[in-house]
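To start, the structure itself, in structure tokens.
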Amino acid sequence: VEQTAHPILVMKARISGGVWSLPVLRKGPYMTNIVKRVVSIINKIGSPKHIITYDQEPAIFSLRNSIKETSKMDIIPELIPTGDSQSNGEVEGTIDLVKGKVRTLRLYLQSRYSSIIREDHNIIPWMI
């Protein structure tokens, strides 16, 4: 699976099955736009309670805290234990789905325009 030059934040609503993916251009304190977009998505879902499943990466932990502080919704954190593939299966499946769609778009555009689209091309965030 091709990787992009920037990380992708993938979100899934368990009840509706809705999936959102956001390109993360920079991690850390620069993620204020990502926080705003995530809070906007959470508010549109309309559920009174949201579970945020995350791993132990410091940037994700920081993002979770920022979302919890910014949102007026009830946010429940759910830490995925390291190496626990069973509890991580739904998350990994959703990530694979998003990667597959980005790969399909990338291959189509490469075929359509007879050119190579590198991982750092400006169109990659649009495809996500």
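So the values come out like this:
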| item | result |
| --- | --- |
| Estimated distance in nm for a label pair at D55 and T32, the labels positioned 7 Å out from Cα along Cα-to-Cβ | 2.9 nm |
| Rounded accessible area of S40 (nearest 10 Å², 1.4 Å probe) | 50 Å² |
| Dipole of the chain [Lys/Arg +1, Asp/Glu -1 at C-beta], most positive-end residue of L109, T94, P48 | L109 |
| Rg over Rh, two decimals, the chain (C-alpha only, Kirkwood Rh) | 0.98 |
| Protein-only accessible surface order, largest first, of E90, E69 at 1.4 Å | E69, E90 |
| Segment 1-50 shape via C-alpha gyration tensor axes, a/c threshold 1.5 | oblate |
| Out-of-range pairs (alpha-carbon distance over 20 Å; input K44/K101; K12/K36; K12/K99; K72/K99) | K44/K101; K72/K99 |
| Low-density loop cleavage sites - trypsin sites (Lys or Arg not before Pro) in segment 43-128, where at most 16 other Cβ are within 10 Å (DSSP) | K72, R118 |
| Karplus (6.51, -1.76, 1.60) ³J(HN,Hα), θ = phi - 60°, over segment 37-42, in Hz, Gly and Pro reported as x | 5, 5, 4, 4, 5, 4 |
| Computed Rg/Rh of segment 24-87, alpha carbon atoms with Kirkwood Rh | 0.98 |
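The values are calculated or read from the model by the stated rules, or taken from the named source; none is laboratory data. The structure displayed is predicted, hence computed values, not measured ones. Every residue, glycine among them, receives a Cβ derived from its backbone with ideal geometry; neighbour counts consider all protein chains shown. Heads up: the accessible areas ignore ligands, DNA and RNA and are worked out on the full protein's heavy atoms, side chains in. Shrake-Rupley method; radii C 1.70, N 1.55, O 1.52, S 1.80 Å.
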